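Have a look at the structure below before the remarks.
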């Protein structure tokens, strides 16, 4: 790895940023939860009589200034909360570990796994990103798909990263709900055939991603979770239904119960601000419904 870093430092710097954000990768495919109701809100107060209130905020993986500009109510809730909770702590250890997991550890190379025709398409696609073939040679298929699916970074100050850095600067206690290993299991749990299919579908649709991003962003800024889910389902509907279902189960159905369980102790202590992907919130199996069934009072703020 040292030799490769010396040869192509700028491309690998981009890969390092991607690795740190790997838990948020393929963000388009996370907008797949079933939504109930039409309430437009991203910030919710979660409380019980014996504890100070906590706040649950739905995020969008974007560096758009309109996303970063928190509303006064959201900013106030964040600033008043001594504890900040996010899906995964994006520190140096996470970055290093994610890079290790994204590549094969047994000497295999991606070209042999996916075949020459598909690999040739991938090499051409990553060249458009300014990356050499050597940078992706050892990637797993899902990691290569991640590389293509992430929106291009200009500043690297995505909303989740911005909140994390602000929390550290303010001296808040920071808690991650999941480890990098648990988040990457979303992808590694898919069979090799599904991973290759994911890569193919990402290559087939990657030029549509900017338009899809704009539509998703507009729905998020409008606080319309129903529209976010519908747009995501429309995108997934263009591909293999079996892959979409497998990914939905791994990305949401298996993670929401774990998140809800790990929120119990911080919620009992109170005074926390929780930031997770917006589509982890709604639906019968989303975090809002799960916390409500667990006895917490859930109130939409805005």
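Things worth noting here:
- Linear extension gain, residue 168 paired with residue 40, 0.36 nm per residue minus alpha-carbon span: 43.1 nm
- Three-way shape call for the stretch 91-145 based on the alpha-carbon gyration tensor, with the a/c threshold at 1.5: oblate
- Computed lengthening from residue 206 to residue 111, 0.36 nm per intervening residue step minus Cα-Cα distance: 32.2 nm
- For the stretch 37-100, the pair-distance distribution built from all alpha carbon pairs, in bins 10 Å wide starting at 0, is 15, 39, 32, 13, 1 percent.
- Counting 0.36 nm for each residue step from residue 293 to residue 133 and taking away their Cα separation leaves a gain of 52.6 nm.
Every read-out reported here was derived from the displayed coordinates using simple, explicitly stated rules and does not represent laboratory data. Not measured: the values here are computed from a predicted model.
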